[in-house]
Amino acid sequence: MSERVSLLRHLTQAAQDGRLDPALALVVQQIGAASREIAAALARAALADVLGAVDSANASGETQKKLDVLANDAFLHALPWTGAVAGIASEELDGTYRVPGARGGYLVLVDPLDGSSNIDVNVSVGSIFSILRAPDGAVGLANDDFLQPGSRQVLAGFTAYGPATVMVLSFGHGVQGFTLDPASGEFLLTQPDMRIPERTSEYAINASNQRWWQPPVQRYVAECMAGKDGPRERDFNMRWVGSMVADVYRLLTRGGIFMYPRDTKDPAKPGKLRLMYEANPIGYVVEQAGGLASTGYERILDIRPEKVHQRVAVILGSREEVERVVAYHREG
């Protein structure tokens, strides 16, 4: 078997070929370092007594887990020293964090521990990251500087912490998957060109919200449930982990559609997931892998954000299935 390519070597080669800014490569290496720290903390969580919640809520009003705080700290410690990061926005921060004295060219948005409600029951969780260009010189950096549409991302990805720790990333040249080698502590390239099959027979959605779904989603799921006796003329499987990174990693590897649509449960909320550090980076990866990412009404990466913690409906995955759901939304 040929020698595996390390994340460092992959990034170095991309920088030498002119496909990646060397400063950005350094940021990604530090995201890898934070991911290794988080993976180790998760593996020892029960032994180190860091399971359970803390007496606080994050910027979205959700109860924080002890490991949410630990994961957030891992990113805040790993990224600033690179000199390439001007500011950081996180699900766990009320505002944005300007790196002291920084004149770096990049902004990092991160969900440090996606799916953290699953931690205590030993279900896969993950970290999601998005990187944008900072204003020139990053002098006077403000919250509004982060409010860029997802199409302006220069790099995005996620790390899934499961039976193996896998980092999936894209810097606009396809999607690559790297698996953490516990022996060497390195991320090694295991999936060099991830592509989502256009056609699939799996869908992921939280069925407990069915009574609040809008008619287009009700129609789509009903057709899937009817199987080969219905209009789709084939059987479908429903899968739902409850950690976005786990559900998305599955559809990247074998196809599928992931939906967290807008519903009537809380009409004031346009969706459950956050645009800037969940929907945009995952949408970027999915599109780079040949899929589509939509709210049902518009392309996620085209949305002009209004605030860092903005929520949005999410429908993404295999092209053929997303196009069908979008068509149902257009029909009303």
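The values are calculated or read from the model by the stated rules, or taken from the named source; none is laboratory data. In this text, all values refer to a predicted model and were calculated from it rather than measured experimentally. So basically every Cβ, Gly included, is an ideal-geometry build from the backbone, and we count neighbours across all protein chains shown.
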Mind listing whichever residues of region 141-153 are part of a helix (DSSP H, G or I) and under 21 Å from V248 (Cα atoms)? G150, S151
Of G115, G83, the only residue that is surrounded by fewer than 19 Cβ atoms within 10 Å (Cβ to Cβ) and at positive phi is G83
I need a count of the residues in region 261-286 that are surrounded by 22 or more Cβ atoms within 10 Å (Cβ to Cβ) and closer than 22 Å to V241 by Cβ. 14
Restrict the check to region 131-139 and report whether at least one residue is in contact with an Asp or Glu (Cβ under 6 Å, 6 or more places away or on another chain) and either within 21 Å of Q310 (Cβ to Cβ) or in the same structural domain as T253 (by TED's automatic domain parsing) (or both). yes
Please enumerate the residues belonging to region 163-202 that are of a type in the set (V, I, T) and at pLDDT 95 or above. T165, V166, V168, V175, T179, T190, I196
Would region 93-104 turn up any residue that is under 21 Å from the mean Cα position of the chain (by Cα) and either at pLDDT 95 or above or surrounded by 22 or more Cβ atoms within 10 Å (Cβ to Cβ) (or both)? no
I'm checking my understanding of the structure. Among residues of region 105-121 that are under 9 Å from A86 (Cα atoms) and assigned to a strand (DSSP E or B), which one is farthest from the chain's Cα centre (by Cα)? Y106
Got at least one residue in region 256-263 being of a type in the set (A, V, I, L, M) and closer than 19 Å to G291 by Cα? yes
Look through S2, S56, S60, S116 and report the one residue that is at pLDDT below 95 and not assigned by TED's automatic domain parsing to the domain that holds S170. S2
Pick from region 199-210, criterion under 19 Å from T295 (Cα atoms) and assigned to a helix (DSSP H, G or I), ranking: farthest from the chain's Cα centre (by Cα): Q210
Among residues belonging to region 292-332 that are in contact with an Asp or Glu (Cβ under 8 Å, 6 or more places away or on another chain) and surrounded by 16 or more Cβ atoms within 10 Å (Cβ to Cβ), point out the one that is nearest to G271 (Cα to Cα). V314
Between a residue in region 85-107 that is within 17 Å of A34 (Cβ to Cβ) and any residue that is acidic (D, E), which pairs come within a Cβ distance under 6 Å, given they are 6 or more apart or on different chains? E91/D111; E92/D68
Go over the candidates Y220, Y249 one by one and state the one that is assigned by TED's automatic domain parsing to the domain that holds K269, at negative phi and touching a Lys or Arg at 6+ places or on another chain (Cβ under 8 Å). Y220
Whichever residue in region 247-300 is of a type in the set (A, V, I, L, M, F, W, C) and part of a strand (DSSP E or B) and, among such residues, is farthest from L107 (Cα to Cα): I257
Could you please find all residues in region 154-191 being more than 14 Å from V248 (Cβ to Cβ), out of contact with any Leu (no Cβ under 6 Å at 6 or more places or on another chain), in contact (Cβ under 8 Å) with a residue 60 or more places away in the chain and in a loop (DSSP other than H, G, I, E, B)? V154, G172, H173, G174, G185
Does region 122-135 contain any residue that is in a helix (DSSP H, G or I) and surrounded by 15 or more Cβ atoms within 10 Å (Cβ to Cβ)? no
Somewhere in region 87-104, is a residue in contact with a Phe, Trp or Tyr (Cβ under 7 Å, 6 or more places away or on another chain) and either among the β-branched types (V, I, T) or not assigned by TED's automatic domain parsing to the domain that holds D49 (or both)? yes
If you go through region 220-231 one residue at a time, do you hit one that is surrounded by 17 or more Cβ atoms within 10 Å (Cβ to Cβ), in a loop (DSSP other than H, G, I, E, B), in contact (Cβ under 8 Å) with a residue 40 or more places away in the chain and not hydrophobic (A, V, I, L, M, F, W, C)? no
I'd like the full set of residues that are within 27 Å of D94 (Cα to Cα) and either acidic (D, E) or free of Cβ contacts under 8 Å to residues at least 12 places away in the same chain (or both), limited to region 300-332. D302, E306
